[in-house]
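Trainee: One structure is given below, represented as structure tokens, and several questions about it will come after.
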Amino acid sequence: MTLVPDAAPALRAPLVPAQQRTAAHPPAGPAGPAAGGRVAVVLGTRPEAIKLAEIIRRLGSEALVVHTGQHYDAAMWADVTAELGFGTEPLALGVGGTSRGAQLGAAVEALDAVFTVHRPAAVVVQGDTTAALAGALAGNARDLPVVHVEAGLRSFDRRMPEEHNRVLIDHLADLCCAPTATSVAHLRDEGIPADRILLTGNTVVESVLHLRPTPDRAREFLAGLGLTAGFLLLTVHRPENADDPAVLRTVLTEVRDAAAAAGLPVVFPAHPRTLHRLREDGLGELVAGLTVVPPQPPAEFLALEEAARLVVSDSGGVQEEVSVLKKRLVVVRRSTERPEVLGTFASLVPAGIGLAEEIRTALAEDPAALTALDSPYGDGSASRVIVERVRDLVGARR
Ligand code: UDP
């Protein structure tokens, strides 16, 4: 990844009064996008990279990929990009590890500097992260068309920062790419006009289809971890579960006990955030009997999902992936912005003593019943449709 030389000074630069603006701080607006400019694809976390990969591959040399640095771990990122095959080296802004507000401000300023130099013709963001909001704000401030991939998701849970980010990005975006009819309805209910909404499906479908390893490759990978199919796969990293030691203790105890009662081993790819909390809170003994592995590259993680008897997770993306892989998931969260999978592929339960019971219920169901169900997230054509519309938008501005 290339470190943007002009972004770091931009982070430290004081605000420049209008009359003293230089080429590095031109006023927004009149100059507008460069004719022939590339499409800036702004991301800051692993799930954004996974879900934007096919769009980036399709844009090819038209894509200017910018990583804000929101969640940046060199080893994890190297694994992710190697498998995703972006075909282009992202610009790295190195904005991370600070408070949400500081990160947002710094990322907007750094992106503004990038947009000044590269003069993209449009900005694409995905999902609900601080990086995505920064991309939408920076694009809007430069009068660039902003495209929001995975628009219209709502948990209606104002305790989640992501909920605020989603709403703000959707209202800033010139094109909201909504994955399902439910997300279209949310956007319409908030007064977003129909001509700014496109029903596309979710790009996660093509990501899974592209990354999913062959059965032989998956078996080989599992054998390398000393695993065979038929285990409980656990991921837990959201603040509501990881940040309160009592809650994290409950989640791990409930999962451990329910899995032990069913005779299932637990495989736990531990997010750096959760590992940190386990160490800090002295909860290490709770995972002593689990197979704890580092965060896995995307294809390897899909192999784990596919081989699992049951998945227990608080992840957003995993809720969608199980519908493509036809697996059963227990979502450990207070709320979800992905209701489309509830009652079929997934059930929702908050961290607490109901979790073990929910795991028992899910394990009692017939896993084969899921194989005939379609994913509510579409047929894998979302990225193609989105890239076509992005090119139309850019063309219309020239
Ligand atoms: N994932 C991965 N390796 C792991 C755990 C998850 O590649 O060890 C992938 C997973 O397949 C999904 C995405 O990361 O595509 C979900 O990311 P995460 O749970 O961090 O974020 P969320 O989706 O909740 O925003």
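Trainee: Give the residues of segment 49-67 that are within 13 Å of Leu84 (Cβ to Cβ) and surrounded by fewer than 23 Cβ atoms within 10 Å (Cβ to Cβ), sorted by residue number. Full working, then the answer.
Mentor: Of the residues in segment 49-67, the ones within 13 Å of Leu84 (Cβ to Cβ) are 49-58, 63, 65, 67.
Matches in segment 49-67: Arg57, Arg58.
Trainee: Search segment 38-60 for residues being in a helix (DSSP H, G or I) and within 11 Å of the ligand (Cβ to nearest atom), and hand back the single one that is farthest from Asn165 (Cα to Cα).
Mentor: Kept after step one, since they are in a helix (DSSP H, G or I), are these residues of segment 38-60: 46-60.
Cutting the leftovers down to within 11 Å of the ligand (Cβ to nearest atom) gives us 46-51, 53.
Working: Arg46: 17, Pro47: 16, Glu48: 14, Ala49: 18, Ile50: 19, Lys51: 17, Ala53: 21 Å.
Top of the filtered list is Ala53.
Trainee: Quick check on Arg100: is it within 16 Å of the ligand (Cβ to nearest atom) and under 30 Å from Leu342 (Cα atoms)?
Mentor: On the way: within 16 Å of the ligand (Cβ to nearest atom): yes; under 30 Å from Leu342 (Cα atoms): no.
Answer is no for this residue.
Trainee: Could you please give the count of residues in segment 64-80 that are more than 18 Å from Ala134 (Cβ to Cβ) and either without any contact (Cβ under 8 Å) to a residue 40 or more places away in the chain or of a type in the set (Asp, Glu) (or both)?
Mentor: Matching residues across segment 64-80 total 5.
Trainee: Looking at (1) outside any loop (DSSP other than H, G, I, E, B); (2) away from the ligand (no atom under 16 Å from the Cβ); (3) not aliphatic (A, V, I, L, M), which one does Glu306 not meet, given that it meets all the others?
Mentor: It fails just one condition, (2).
Trainee: Of a type in the set (A, V, I, L, M), under 22 Å from Asn202 (Cβ atoms) and in contact (Cβ under 8 Å) with a residue 12 or more places away in the chain: does that describe Ala132? Let's see the steps before the verdict.
Mentor: Numbers: of a type in the set (A, V, I, L, M): yes; under 22 Å from Asn202 (Cβ atoms): yes; in contact (Cβ under 8 Å) with a residue 12 or more places away in the chain: yes.
The answer is yes for Ala132.
Trainee: Being surrounded by 18 or more Cβ atoms within 10 Å (Cβ to Cβ) and near the ligand (Cβ under 8 Å from one of its atoms) is the filter here; which residues of segment 280-298 pass it?
Mentor: Pro295, Gln296, Pro297, Pro298
Trainee: Grab the strands (runs of 3 or more DSSP E) fully contained in segment 170-265, keeping just those with 1 or more residues being surrounded by fewer than 21 Cβ atoms within 10 Å (Cβ to Cβ) and without any contact (Cβ under 8 Å) to a residue 24 or more places away in the chain.
Mentor: Numbers: elements: 175-178, 197-199, 232-235.
Where strands (runs of 3 or more DSSP E) fall fully within segment 170-265 and carry at least 1 residues being surrounded by fewer than 21 Cβ atoms within 10 Å (Cβ to Cβ) and without any contact (Cβ under 8 Å) to a residue 24 or more places away in the chain, they are 197-199.
Trainee: Say we look at segment 326-347 and pick out the residues that are part of a strand (DSSP E or B) and of a type in the set (A, V, I, L, M); which of these is farthest from the ligand (Cβ to nearest atom)?
Mentor: To start, the set of residues in segment 326-347 that are part of a strand (DSSP E or B) comprises 329-332, 342, 346-347.
Subset that is of a type in the set (A, V, I, L, M): 329-332, 342, 346.
Working: Leu329: 12, Val330: 15, Val331: 10, Val332: 12, Leu342: 16, Ala346: 13 Å.
That would be Leu342.
Trainee: Separate question: Just the residues that are hydrophobic (A, V, I, L, M, F, W, C), without any contact (Cβ under 8 Å) to a residue 60 or more places away in the chain and farther than 16 Å from Glu240 by Cβ, please, taken from segment 329-365.
Mentor: Pass one, segment 329-365, residues hydrophobic (A, V, I, L, M, F, W, C): 329-332, 341-342, 345-346, 348-349, 351, 353, 355-356, 359, 362-364.
Pick out the ones that are also without any contact (Cβ under 8 Å) to a residue 60 or more places away in the chain and you get 329-331, 341-342, 345-346, 348-349, 362, 364.
Listed by number, the residues that qualify are Leu329, Val341, Leu342, Phe345, Ala346, Ala362, Ala364.
Trainee: Any idea which of Ala351, Ala372 is part of a loop (DSSP other than H, G, I, E, B) and surrounded by fewer than 16 Cβ atoms within 10 Å (Cβ to Cβ)?
Mentor: Numbers: Ala351 fails: surrounded by fewer than 16 Cβ atoms within 10 Å (Cβ to Cβ).
Only one candidate qualifies: Ala372.
Trainee: Taking the condition surrounded by fewer than 17 Cβ atoms within 10 Å (Cβ to Cβ) and not in a helix (DSSP H, G or I), does Gly378 pass? Break it down stepwise before answering.
Mentor: Working: surrounded by fewer than 17 Cβ atoms within 10 Å (Cβ to Cβ): no; not in a helix (DSSP H, G or I): yes.
Criteria not met by Gly378.
Trainee: Taking the stated definitions as given, is Gly139 in a helix (DSSP H, G or I) and closer than 22 Å to Leu175 by Cβ?
Mentor: Values: in a helix (DSSP H, G or I): yes; closer than 22 Å to Leu175 by Cβ: yes.
Against the criterion (in a helix (DSSP H, G or I) and closer than 22 Å to Leu175 by Cβ), Gly139 qualifies.
Trainee: Also, quick follow-up: Restricting attention to segment 266-279, and to residues there that are of a type in the set (A, V, I, L, M) and within 11 Å of the ligand (Cβ to nearest atom), which single residue is surrounded by the most Cβ atoms within 10 Å (Cβ to Cβ)? Give the derivation first.
Mentor: Our first condition is that a residue be of a type in the set (A, V, I, L, M); within segment 266-279, this holds for 266-267, 270, 275, 278.
Checking the rest, the ones that are also within 11 Å of the ligand (Cβ to nearest atom) come to 267, 270.
Values: Val267: 23, Ala270: 20.
Among residues in segment 266-279 that are of a type in the set (A, V, I, L, M) and within 11 Å of the ligand (Cβ to nearest atom), the one surrounded by the most Cβ atoms within 10 Å (Cβ to Cβ) is Val267.
Trainee: Picking from Arg159, Arg154, which residue would you name as being surrounded by fewer than 16 Cβ atoms within 10 Å (Cβ to Cβ), assigned to a loop (DSSP other than H, G, I, E, B), on the phi < 0 side of the Ramachandran plot and out of contact with any strand residue (DSSP E or B) (no Cβ under 9 Å at 6 or more places or on another chain)?
Mentor: Numbers: Arg154 fails: surrounded by fewer than 16 Cβ atoms within 10 Å (Cβ to Cβ).
Being surrounded by fewer than 16 Cβ atoms within 10 Å (Cβ to Cβ), assigned to a loop (DSSP other than H, G, I, E, B), on the phi < 0 side of the Ramachandran plot and out of contact with any strand residue (DSSP E or B) (no Cβ under 9 Å at 6 or more places or on another chain) holds for just one of Arg159, Arg154, which is Arg159.
Trainee: Go through Ser315, Ser323 for me and flag whichever is within 13 Å of the ligand (Cβ to nearest atom), assigned to a loop (DSSP other than H, G, I, E, B) and hydroxyl-bearing (Ser, Thr, Tyr).
Mentor: Working: Ser323 fails: assigned to a loop (DSSP other than H, G, I, E, B).
None of the other options fit; the residue is Ser315.
Trainee: Only one residue in Glu220, Glu254, Glu240, Glu206 is under 17 Å from Leu310 (Cα atoms) and either at pLDDT 95 or above or within 16 Å of the ligand (Cβ to nearest atom) (or both), so which one is that? Before the answer, list the steps.
Mentor: Details: Glu220 fails: under 17 Å from Leu310 (Cα atoms); Glu240 fails: under 17 Å from Leu310 (Cα atoms); Glu206 fails: under 17 Å from Leu310 (Cα atoms).
Answer to the selection: Glu254.
The values are calculated or read from the model by the stated rules, or taken from the named source; none is laboratory data. This one's a predicted model, so the numbers in the text were calculated from it and none came from an experiment. Because the Cβ atoms are built from the backbone with ideal geometry, glycine has one as well, and the counts that use them run over all protein chains shown.
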